[in-house]
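**Student:** Please see the structure below; I have some questions.
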Amino acid sequence: MDAQELLAIAQAAMDEAEGLFVAGVGAEERHEKAPGEYVTAVDLRIEEYLRATLIQLTGIPVYGEEHGGRLGEEPVWVIDPIDGTANYAVGNPLCSILLSLLVGKRPVLALCSMPLLGRRIAAWEGGGLFVDGRPAAPLRGKDEDIAQVGFSSLSSQTRCEYSTRQRHDLLAALSHTYLRPRVTGSVGVDLAFAAQGIFAGAISFSPHAWDNAAGALLVREAGGVVTDTEGNPWTPEAPGLVAGDAATHAILMSTIRTLR
């Protein structure tokens, strides 16, 4: 199967996953899997459904946030069943389902569904970006007076190589540029907004492929620039991700480097 055929299968699976997502919003049944990190019964249900469906229909294994798997050179589906679980648990609509296909550790297909916003973003490598099934216009630089940038998380409980102090310092430094940082609580939403040009760019401090892989391809297919936090090409092993239109990406990287 080629990328478009696989995307069609992923889209059909996402239809059912969105139903589970909407039905369970405001989930009360949840537990702490690590300090500050929660999982709901809906997270588990969505991942189990997507895992079983995608393996059955494509024969490709799955690497997911809740049930694990293996990342290697071979094709693998990568799933974050609910990105922004803390938002989801209280009914905040800034949360998403993230699904991507990696081949040779490179995302070649991506979906970001934001069911509570009624929007689905899709891409396959070389095919451009699609918003709700329609081709999206390529990214262009934002006017300086309205340029916003998604800023991952400031929580001391978020696992990343950047300390809380370093993230606060970066946030303060960005406030001296024309960019307006926004902390949504969902990396998936940040990167989807950057791909659509709602945000001029986004920074993810997450080291997890399930948070970053889909958004990396979405932004790239929109014509944006995507790197790790060192400015190197993003890989699933990278400790974070910086994305946006070319001008915004340059400002983000320059600001990060000034604090090293």
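The values are calculated or read from the model by the stated rules, or taken from the named source; none is laboratory data. Keep in mind that what you see is a predicted model, and the values were worked out from it rather than measured. Here the Cβ is made from the backbone with ideal geometry for all residues, glycine too, and neighbour counts use every protein chain on show. The protein model used for the area step is the full one, side chains on, heavy atoms only, and it has no ligands, DNA or RNA in it. Shrake-Rupley method; radii C 1.70, N 1.55, O 1.52, S 1.80 Å.
**Student:** Please count how many residues of the range 126-172 are open to solvent by less than 60 Å² (accessible area, probe 1.4 Å) and at pLDDT below 80. Let's see the steps before the verdict.
**Tutor:** Pass one, the range 126-172, residues open to solvent by less than 60 Å² (accessible area, probe 1.4 Å): 127-131, 136, 139, 141, 147-155, 158, 160, 162-164, 167, 170-172.
From the residues that got through so far, the ones that are at pLDDT below 80 too are 141, 152-155, 158, 160, 162-164.
Result for the range 126-172: 10.
**Student:** Also, quick follow-up: Report yes if SER113 is in contact with a strand residue (DSSP E or B) (Cβ under 8 Å, 6 or more places away or on another chain), part of a strand (DSSP E or B) and of a type in the set (Ser, Thr, Tyr), otherwise no. Spell out the reasoning first.
**Tutor:** Values: in contact with a strand residue (DSSP E or B) (Cβ under 8 Å, 6 or more places away or on another chain): yes; part of a strand (DSSP E or B): yes; of a type in the set (Ser, Thr, Tyr): yes.
Answer is yes for this residue.
**Student:** Quick one: is VAL242 among the β-branched types (Val, Ile, Thr), more than 26 Å from LEU71 (Cα to Cα) and outside any loop (DSSP other than H, G, I, E, B)?
**Tutor:** On the way: among the β-branched types (Val, Ile, Thr): yes; more than 26 Å from LEU71 (Cα to Cα): no; outside any loop (DSSP other than H, G, I, E, B): yes.
So VAL242 fails the test.
**Student:** Hey, SER175 hits all of (1) small (Gly, Ala, Ser); (2) open to solvent by 10 Å² or more (accessible area, probe 1.4 Å); (3) out of contact with any Pro (no Cβ under 8 Å at 6 or more places or on another chain) but one; which does it fall short on?
**Tutor:** Result: SER175 fails condition (3) only.
**Student:** Is it fair to say ILE46 is under 23 Å from ALA194 (Cβ atoms), crowded, with 21+ Cβ neighbours inside 10 Å and hydrophobic (A, V, I, L, M, F, W, C)?
**Tutor:** On the way: under 23 Å from ALA194 (Cβ atoms): no; crowded, with 21+ Cβ neighbours inside 10 Å: yes; hydrophobic (A, V, I, L, M, F, W, C): yes.
When the stated conditions are applied, ILE46 does not pass them.
**Student:** Something else: Residues that are of a type in the set (Lys, Arg), open to solvent by 10 Å² or more (accessible area, probe 1.4 Å) and in a strand (DSSP E or B): does the range 62-80 have at least one? Show your work before the answer.
**Tutor:** At the first step, the residues of the range 62-80 found to be of a type in the set (Lys, Arg) are 70.
Among the residues that remain, those that are also open to solvent by 10 Å² or more (accessible area, probe 1.4 Å) are: 70.
Of the ones still in play, those that are also in a strand (DSSP E or B) are none.
Within the range 62-80 (the criterion being of a type in the set (Lys, Arg), open to solvent by 10 Å² or more (accessible area, probe 1.4 Å) and in a strand (DSSP E or B)), the answer is no, since none of the residues qualifies.
**Student:** Filter the range 194-209 down to the residues that are open to solvent by 30 Å² or more (accessible area, probe 1.4 Å) and either under 12 Å from the mean Cα position of the chain (by Cα) or more than 24 Å from GLU144 (Cβ to Cβ) (or both) and list them by number.
**Tutor:** Residues of the range 194-209 open to solvent by 30 Å² or more (accessible area, probe 1.4 Å): 196, 198, 207-208.
Passing the criteria: PRO207, HIS208.
**Student:** Another question, then. Which members of the range 214-240 meet the condition of being among the polar types (S, T, N, Q) and open to solvent by less than 10 Å² (accessible area, probe 1.4 Å)?
**Tutor:** Answer for the range 214-240, where residues must be among the polar types (S, T, N, Q) and open to solvent by less than 10 Å² (accessible area, probe 1.4 Å): just THR229.
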